[in-house]
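Here's the structure we're looking at; comments come further down.
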Amino acid sequence: MIHLFINALAASAGGGLTYVRNVVPLLCDRKDVQATVLLGARLREELNKAANVHLLAVEAPKGTAQRFWFEQSKLPVLIRESNANVLLSVGNFALWNSPIPQILLSRNALYTSTDFERDLRRRGDYRLWLDNVVKAAAAGMSIRKADVTVAPSRSFAEELRSWTGVTVETVYHGFNRAVFLSGANSLPPEIEERLAGLDGDLRLLFVSHYNYYRNFETLLRAIPILRALVAPRNVRLILTCQLKSEANPGSYRAGDAATLVERLGIADSIVELGSVPYKALHHLYARCSVYVTAAYAESFAHPLIEAMSTGLPIVASDIAVHREICGEAAVYFDRFSPKDLARTVVRLCRSPDVIKRLGEAGRIRSSDFSWHDHLDKILMIASRLLVRDRRGETVGDSRLASK
């Protein structure tokens, strides 16, 4: 039987949390696998107990350097004590001397993004630039150390292969449409109050906390252009964040974006909702006209699948991951062109047939992503590694064979 040790210490926000919250409950329902899950104490409180899944909660080290040191020095001991036979590292960094075969989930597109590097230099954020350089070096070494590295999209897998020279497998992240659409009966009252009176406006939705690589500034610069094109109709850009540095995870400085809003004179068009409970999020998609994203770096992008599942038409920046995930369920624009973004939104809104076609295609496309399928493929890789381990094959053999 497979006994999977999952290192989820890095799951504190965004995609890491989404991953653990979906995969661990599925493991609890399996009879053919055991799992030990290493996670932070706060996340432990969210997850249910099961006979075949042991949740090993620790006080997560603060900062990447401390976590990396903790994992490299303490994790081998915890793995041996658990009697697990395959390690799944879900936080981009591998255990460099793993006592058992290791699967690495690499999902951070910033380490390979030249656009992100240029953006940091343009902003003068050299501290974050240096931090990214150091993390990228560790992530690249991790890919070379792992027995198998998995990426959540083909596009990103190919990017990692070009970057490291190591074959990387594609295992799509999942989505559960039934669970997503069956959450809370309504949005929280404070959010409903912010949305009151907007039903006749052109409502653009973007679901993300503030960061640089989601390219908020291109969205903001498109608003005055869009307002001129659709006048007298009002335009609202609805954000699930606040343009305040202290209100967002990470160390991204949101002050420049807030200043840009004031300089452009578009404060009345920006609705900063802040964080929206996941169980109520589908109601927010349903209240909007178009989903927009100008991100220039992604490895998967869960909100696109959420938008597709609700039939919301999508206008997305023209990057390989967006085209792979959405296909015919979105229309695309030059990722750094506010004018192209605005014109693409207008063309869409003036074409009811296109809106209907995108909605139908999105519902179909969203059904292609399944957490059950994701877990099945991860366990297949784990089984393959166990066979190789028993045969005494080397790490290099297993990496090169994993296509």
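The values are calculated or read from the model by the stated rules, or taken from the named source; none is laboratory data. Here the structure is a predicted model, which is why all the values come from computation and not from measurement. Note that each Cβ is placed from the backbone with ideal geometry, even for glycine, and that neighbours are counted across all protein chains shown.
A few remarks follow.
- Identity of the residue in the range 252-306, in a helix (DSSP H, G or I) and of a type in the set (S, T, N, Q), that ends up farthest from GLY174 (Cα to Cα): THR259
- Residue tally, condition in contact (Cβ under 8 Å) with a residue 40 or more places away in the chain, surrounded by 17 or more Cβ atoms within 10 Å (Cβ to Cβ) and over 23 Å from the mean Cα position of the chain (by Cα), over the range 36-60: 1
- Apart from one condition, PHE5 fits all of (1) under 20 Å from the mean Cα position of the chain (by Cα); (2) modelled with pLDDT of 95 or more; the exception is (1).
- Of all residues in the range 207-250, those satisfying the criterion of being part of a loop (DSSP other than H, G, I, E, B), under 26 Å from ALA196 (Cβ atoms) and among the basic types (Lys, Arg) are ARG233, LYS244.
- Just one residue in the set ALA330, ALA301, ALA320, ALA295 is modelled with pLDDT of 95 or more, among the aliphatic types (A, V, I, L, M), within 20 Å of the chain's Cα centre (by Cα) and closer than 15 Å to ARG214 by Cβ; that residue is ALA295.
- Residue match in the range 301-322 (condition: among the aliphatic types (A, V, I, L, M), touching a His at 6+ places or on another chain (Cβ under 6 Å), buried (at least 24 other Cβ atoms within 10 Å of the Cβ) and within 24 Å of PHE116 (Cα to Cα)): yes
- From the list ALA295, ALA329, ALA361, the lone residue that is in contact with a helix residue (DSSP H, G or I) (Cβ under 6 Å, 6 or more places away or on another chain), assigned by TED's automatic domain parsing to the domain that holds LEU198, buried (at least 23 other Cβ atoms within 10 Å of the Cβ) and touching a residue at least 24 places away in the same chain (Cβ under 8 Å) is ALA329.
- When LEU95, LEU187, LEU181, LEU160 are checked against the criterion of being assigned by TED's automatic domain parsing to the domain that holds LYS279 and buried (at least 21 other Cβ atoms within 10 Å of the Cβ), LEU187 stands alone in meeting it.
- Of the residues making up the range 100-126, those that are surrounded by fewer than 20 Cβ atoms within 10 Å (Cβ to Cβ), out of contact with any helix residue (DSSP H, G or I) (no Cβ under 9 Å at 6 or more places or on another chain) and among the charged types (D, E, K, R) are ASP115, ARG118, ARG122.
- The number of residues in the range 79-92 that are of a type in the set (Ser, Thr, Tyr) and surrounded by fewer than 23 Cβ atoms within 10 Å (Cβ to Cβ) comes to 1.
- Sole exception among (1) in a helix (DSSP H, G or I); (2) over 30 Å from THR310 (Cα atoms) for VAL166, by number: (1)
- Meets criteria (among the charged types (D, E, K, R), more than 20 Å from the chain's Cα centre (by Cα) and crowded, with 18+ Cβ neighbours inside 10 Å) for ARG233: no
- Number of residues in the range 334-356 that are without any contact (Cβ under 8 Å) to a residue 24 or more places away in the chain and of a type outside the set (Gly, Ala, Ser) equals 7.
- Just so you know, in the range 134-162 the residues that are in contact with a strand residue (DSSP E or B) (Cβ under 7 Å, 6 or more places away or on another chain), of a type in the set (Gly, Ala, Ser) and in a helix (DSSP H, G or I) include one that is farthest from GLU298 (Cα to Cα), and it is SER142.
- Within the range 196-212, tally of residues that are crowded, with 20+ Cβ neighbours inside 10 Å and either at pLDDT below 95 or hydroxyl-bearing (Ser, Thr, Tyr) (or both): 2
- Filtering ALA267, ALA330, ALA342, ALA258 for residues that are hydrophobic (A, V, I, L, M, F, W, C) and within 25 Å of THR18 (Cβ to Cβ) leaves a single hit, ALA330.
- Those residues of the range 163-178 which are loosely packed, with under 13 Cβ neighbours inside 10 Å and under 24 Å from HIS302 (Cβ atoms), in sequence order: ALA178
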